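Each reported figure results from applying straightforward, stated rules to the coordinates on display, with no laboratory input. These numbers come from a predicted model, not from an experiment. Here the Cβ positions follow ideal geometry from the backbone for every residue, glycine too, while neighbour counts run over all protein chains shown.
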């Protein structure tokens, strides 16, 4: 009686690597989409420009301009041997990270360089009294005021989790997506 031994190790290892990469991409894509959906609840302003329904501590941030939602990105390194994905926020949307974890801020003073004044934008259309009292100047279609220093008071924002809560709420779904990766390639 003779036995023939066939080695499928290389083929199996390649198939497992491809399946892992495919499952990882499925998970990252779904997680990215779910995070964007979670922060898509509208936060409109009324006619007076006041927030009618801002998010509360423990709730995910609400959508006003869409900038924070657009800053949520994902990527894949494309390496089949060591696949890796990343879901996070772009540098200019870092405030989404601060909303995720909450923050405390010490009071700080900002001064103009070399004794120069800071040019600070004024939001909205000022009244004639505000123009005179504050010393507002119209430059390039916008209103500004000038100060040698600005004091920003201490403050804090309680966490408004959107990323970790999305992961926890959908972990079973992501596990199933990972398991789907490459099933037909291994069988």
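What the table shows:
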{"read-out": "Relative contact order of the stretch 44-144, pairs being alpha-carbon contacts under 8 Å that are 6 or more residues apart, as %", "value": "14 percent"}
{"read-out": "Rh by Kirkwood over Cα pairs, then Stokes-Einstein D for the stretch 108-152 at 1.002 mPa s and 20 °C, µm²/s", "value": "190 µm²/s"}
{"read-out": "Cβ crowding within 10 Å averaged over residues, with 26-39, 152-165 ranked highest first", "value": "26-39, 152-165"}
{"read-out": "Gap separating the Cα centres of the stretch 98-149 and the stretch 70-88, nearest whole Å", "value": "39 Å"}
{"read-out": "With Cα atoms, 0 to 90° folded angle of helix 171-180 axis to the chain main axis", "value": "40 degrees"}
{"read-out": "Cα-derived Rg to Rh of the stretch 106-187, Kirkwood definition", "value": "1.42"}
{"read-out": "Crossing angle, helix 9-38 versus the chain [Cα axis fit, 0-90 degrees, rounded to tens]", "value": "30 degrees"}
{"read-out": "Spherically averaged projected area of the chain from its Cα convex hull (nm²)", "value": "17.9 nm²"}
